[in-house]
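See below for the structure under consideration.
What follows is calculated from the coordinates using simple rules that are stated; it is not laboratory data. It should be emphasised that the depicted structure is a prediction, and the values quoted were computed from it without experimental measurement. Methodologically, a virtual Cβ is constructed for each residue, glycine included, from the backbone with ideal geometry; neighbour enumeration extends over all protein chains shown.
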Amino acid sequence: MGLKNFIKKQWLDIIQWEDDSQETILYKFPMLDNEIQNNGKLIVRPGQCAVFLDEGRIADIFSEPDTYTLNTKNLPILADLKGWPYGFQSPFKSDVYFINIKQFLGQKWGTPAPVLIPDPKFEQVEIKAFGTFNFHIADPKQFLIQVTSTNRYYTAADLRDQLKGFIVTNFAPLLVQQGVTAAQLSANYKLIDDGMIGAVTAEFASLGLEMNGFQIESITLQEEYQEMLRKRTGVNIMGGMQNYAQVETLDAMKESVANPGINAMGQAGVGVGMGLGIGGLFAQNLKGALNNQDQPGTPQGAVAPGSAAAGVAALACPKCGASAVADAKFCSKCGTPLPAPEPEARFCSRCGAGLSLSALFCSKCGIKLE
């Protein structure tokens, strides 16, 4: 044996591993001819364990931080495998693997494509989600057998895709099991987090791993579902669909006034049919809102009987002056026959007022009708 090789073998009296990568899970200790000196030292640091293999068979495992003297007392399984009942002669051969048993924190996960989940309101919705999780090696022997095999070096990145697959596979079934609707997702992150740890326990354990923490950072719906939820919230805040529709109409009118292009189009006579239809809709909703305010005893958002908002114009009896709805044929007070009302079939293109077919000028703003 040359002097250089002799000096290298002397360093094998101490077997240790210092990891500064923060990503390494497994490291095979390099040894010249795989030879370990009798009574050599093994140093196991906090967050590590050392596994000795004899011809591919797992022998002794050192999982507690300490400095160990390598002899038959500390290597009972290896001594038995090699037939050392009373001790052994130097050197002996064995593979030594260091495994990081600390927690690997902040591992990223996410749904690579939208996940389809059932929802009682929308039947089915597509969502995307992402977050982080933590794991550690709970069973070094199982991990060595099932995952790393003969690898000399293994990192968290090598394992991450497999673990993310476990999470994504169980994510949608977990939401179904917990009965969380699309509208309730953001309020139930903690419930989902705790449920996911239990959902992947068996799959992680099959690799010798354990999930220590799971966090959802965001769950997003498709844009159309988000818009539906915003509108539903707006309806509830405003006290019902009719109030919501009236506010939407007023907002649209403000936008029309503020947009010179729309007004110029109306004044130039372009798109008159569209303008008349919109004007009629605005007028109908506005008159409904005003009538509700003028009618004493009418609850907010309700339609007053005989009002334009109810779709029926009010008439007055020519004899006693009592009001009557448009479809009445006789006065309910004096019995006098009522004239048939002229149908409102035209609308002013400027103010949206309803007009009779024979009108030449608008009765509200005075504009000459085409």
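Give me the Kirkwood hydrodynamic radius of the range 174-219, using the inverse of the mean 1/r over all pairs of distinct Cα atoms, in Å to one decimal. Working shown, then result.
Working: mean 1/r = 0.0874 Å⁻¹.
After inverting the pairwise mean of 1/r, the radius is 11.4 Å.
What is the spin-label model distance, in nm, from residue 181 to residue 168 if the labels are put 7 Å beyond Cα along the C-beta direction?
The answer from the label model is 2.9 nm.
Counting only other residues whose beta carbon sits under 14 Å from that of residue 133, what net charge do I get with K and R as +1, D and E as -1?
Values: positive: 108, 160, 164; negative: 161, 193, 194, 203, 210, 217.
Local charge sum for residue 133: -3.
Starting at 0 and stepping by 5 Å, how many percent of the alpha carbon pairs of the range 78-223 end up in each bin?
With 5 Å bins starting at 0, P(r) equals 2, 8, 17, 18, 13, 11, 9, 6, 5, 4, 3, 2, 2, 1, 0, 0.
From the phi angles alone, apply the Karplus equation (6.51, -1.76, 1.60; θ = phi - 60°) to the range 46-58 and give each ³J(HN,Hα) in whole Hz, x where the residue is Gly or Pro.
3J(HN,Hα) across the range 46-58, in whole Hz: x, x, 10, 9, 10, 10, 9, 10, 10, 6, x, 9, 6.
Tell me whether the range 40-135 comes out rounded, prolate or oblate; compute the Cα gyration tensor, take square roots of the eigenvalues as a ≥ b ≥ c, and use a/c under 1.5 as the rounded threshold. Spell out each step's value before the answer.
On the way: a/c = 5.14, a/b = 3.32, b/c = 1.55.
Judged from the Cα gyration tensor, the range 40-135 comes out prolate (a/c at least 1.5, a/b above b/c).
Going by amide H atoms built from the backbone, whose H comes under 5 Å of the H on residue 210, apart from near neighbours?
Under 5 Å from the amide H of residue 210 lie the amide H atoms of 136, 138, each far enough along the sequence or on another chain.
Taking the Cβ of residue 188 as the center, what net charge do the other residues with Cβ under 15 Å away carry, scoring Lys and Arg +1 and Asp and Glu -1?
So the environment of residue 188 carries a net charge of -3.
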